[in-house]
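Each remark here refers to the structure printed beneath this line.
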Amino acid sequence: MSSQANLVSISIFTPKPEHFGAFVDAQVESLPRLGSLSGSLGARFYVAKDGRKAILVSFFESEAILQDFQQSDAFRAHRDQLQALLESNDSGFYTLAYAHGA
């Protein structure tokens with residue numbers, strides 16, 4: 001990960017239990033395409049071992065780049081597709097305060 005990743009977007013998803021697999025499949029299929037369009041510095045998608053939640057951590061160089069991505073037609077279409085699969089989604093933007101190791 002680039003040391004220039006000044007802004008991190010963290011999204012915690014709670015898919016509807018009956019749609020968990022479909023949600024994960026949709027994310028795994030779409031994230032490589034969206035990442036290449038977004039100007040992001042990278043992303044990590046995690047799935048909870050208990051199969052109840054998923055977390056997307058995306059790295060951006062600036063808030064302006066992130067805002068451009070969020071306004072893109074591709075992101076809006078992806079978000080709209082996932083809405084029906086979700087119970088909830090909690091997102092926030094963070095900056096690094098401390099790091100150790102990988």
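Tabulated values for the structure
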| item | result |
| --- | --- |
| Ser40 being closer than 17 Å to Ile10 by Cα, assigned to a strand (DSSP E or B) and not aromatic (Phe, Trp, Tyr) | no |
| Criterion: in contact with a Ser or Thr (Cβ under 8 Å, 6 or more places away or on another chain) and either among the hydroxyl-bearing types (Ser, Thr, Tyr) or exposed (fewer than 14 other Cβ atoms within 10 Å of the Cβ) (or both) - qualifying residue of Phe69, Phe13, Phe93 | Phe93 |
| Residues of the range 43-79 satisfying the condition of being of a type in the set (Phe, Trp, Tyr) and within 11 Å of Ser9 (Cβ to Cβ) | Phe59, Phe60, Phe69 |
| Residues satisfying the stated conditions in the range 1-26, i.e. modelled with pLDDT of 80 or more, over 17 Å from Ser72 (Cβ atoms) and of a type outside the set (A, V, I, L, M, F, W, C) | Thr14, Pro15, Lys16, Pro17, Glu18, His19, Gly21, Asp25 |
| Residue tally, condition closer than 18 Å to Lys16 by Cα and outside any loop (DSSP other than H, G, I, E, B), over the range 43-76 | 6 |
| Long-range neighbours under 6 Å by Cβ, at least six apart or interchain, first residue farther than 11 Å from Leu66 by Cα and touching a residue at least 60 places away in the same chain (Cβ under 8 Å) within the range 6-18, second part of a strand (DSSP E or B) and of a type in the set (Val, Ile, Thr) | Ile10/Val57; Ile12/Ile55 |
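The values are calculated or read from the model by the stated rules, or taken from the named source; none is laboratory data. Here the structure is a predicted model, which is why all the values come from computation and not from measurement. Virtual Cβ from ideal backbone geometry, glycine too; neighbours counted across all protein chains shown.
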